[in-house]
Amino acid sequence: APHERSLGEIIRSTKTFRQQMEMLAREYRPVSLDDVSDFARDQKDLPSRAVVVTFDDGYADNLEVAAPILNRLGIPSVVYVTVDCVERQLMPWPARLRYACLTTKKTQMNAPEGGVWSLRTPEERTDSFNRSLEHCARLSGMTQETYVAGVERELEVDSRDISKGLMMTWDQMRQLRKQGHTIGSHTMTHPNIAYVSHGEVETELGESKRKLEAELDEQILHFAYPGPALRPNWSQTSLQLSRELGYETATTVEPGVVRAGDDPLRMRRIGPGTTVEQLRWKLDRAFVGD
């Protein structure tokens, strides 16, 4: 399937997702992000083994596939939306680059710093994708789009067709809200915030918040740092700006649990793994001693 060549490791089957959520509902205590925000500020206690379910980017299947399962189990979730992807109905740039590098018929591509990267073998395609990922993670806005569109033109790959119906629309986002789920910001264009300028950080965090608030007619209090490549994916500048802009929470890609007294604007998260057993093992390991 084309999405396996673009979204790669973030894809899960409906069956796996359902089983993982059933395990969470049975063995853990799903709570809302507002509950965790209050807990981090020492304003509220949480039950033992409390978890929050989060999604990044704003894919339509968060509403079409995930929400019915979550609603049946009584699990609230948070969807962090990359605003530009919703407005343009294009999948995030890491998926576009992955699709271009892995499906092109070309045998090489130009490197941004000069020279060429080979695309002759599957390993070389993956390596070239990873190198383009690291380059593009430092870009945002039009500079980022110029680079990605240039790669697609050079490799003669168009991601518009496989993007159709992939991202949520504003109306779908409103439906998700009506069902009790939370919408947060995931920036405008999905750069690594630690590697862009102060002005770009301000645009990515501020403009995404304003646009979401205008469309949803509510305050947007939650933010997730994109982590496409490079570490860290937050900075002291972004920490201060998120506070000034009125965000109450922000999640990073640093693994781990949130403890009382943690900075709610730098919260850790745990990846879901690819199976029920992997998710259970990750959670059990993280909760040891808590």
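The values are calculated or read from the model by the stated rules, or taken from the named source; none is laboratory data. Everything numeric in this text was worked out from a predicted model, so none of it was measured. When we count neighbours, we look across all protein chains shown, and the Cβ atoms used for this are built from the backbone with ideal geometry, even at glycine. Areas reflect the complete protein model, heavy atoms only, side chains present, ligands, DNA and RNA absent. Shrake-Rupley method; radii C 1.70, N 1.55, O 1.52, S 1.80 Å.
Under the condition of being assigned to a helix (DSSP H, G or I) and of a type outside the set (S, T, Y), the residues counted in the stretch 24-47 number 11.
Could you list, in sequence order, all residues of the stretch 50-65 that are of a type in the set (A, V, I, L, M, F, W, C), touching a residue at least 40 places away in the same chain (Cβ under 8 Å) and in a strand (DSSP E or B)? Even if it seems obvious, please write down each step before you answer.
Initial filter on the stretch 50-65 (of a type in the set (A, V, I, L, M, F, W, C)): 50-53, 55, 60, 63, 65.
Checking which are touching a residue at least 40 places away in the same chain (Cβ under 8 Å) leaves us with 51, 60, 63, 65.
Matches in the stretch 50-65: V51 only.
Here the condition is being at negative phi, open to solvent by 40 Å² or more (accessible area, probe 1.4 Å) and in contact (Cβ under 8 Å) with a residue 12 or more places away in the chain; of P47, P68, it holds for P47 alone.
Within the set G199, G184, G256, the sole residue that is within 30 Å of N130 (Cβ to Cβ), in contact with a strand residue (DSSP E or B) (Cβ under 7 Å, 6 or more places away or on another chain) and surrounded by fewer than 16 Cβ atoms within 10 Å (Cβ to Cβ) turns out to be G256. With respect to (1) within 23 Å of Y195 (Cβ to Cβ); (2) crowded, with 19+ Cβ neighbours inside 10 Å; (3) touching a His at 6+ places or on another chain (Cβ under 8 Å), the lone exception for V78 is condition (1). Evaluated against (1) of a type outside the set (G, A, S); (2) assigned to a helix (DSSP H, G or I); (3) crowded, with 20+ Cβ neighbours inside 10 Å, R18 falls short on exactly one condition, (3).
Suppose the filter is in a helix (DSSP H, G or I) and closer than 30 Å to E152 by Cβ; does L90 pass it? Spell out the reasoning first.
On the way: in a helix (DSSP H, G or I): no; closer than 30 Å to E152 by Cβ: yes.
Taking the combined requirement at face value, the residue does not satisfy it.
Of the residues in the stretch 237-249, not one is over 15 Å from D57 (Cα atoms), open to solvent by 20 Å² or more (accessible area, probe 1.4 Å) and aromatic (F, W, Y).
Would you confirm, using the coordinates I've provided, whether L102 is at pLDDT below 95, hydrophobic (A, V, I, L, M, F, W, C) and touching a Phe, Trp or Tyr at 6+ places or on another chain (Cβ under 9 Å)? Criteria met by L102.
Only one of the listed residues (V83, V36) is over 27 Å from N130 (Cβ atoms) and open to solvent by less than 40 Å² (accessible area, probe 1.4 Å). That residue is V36.
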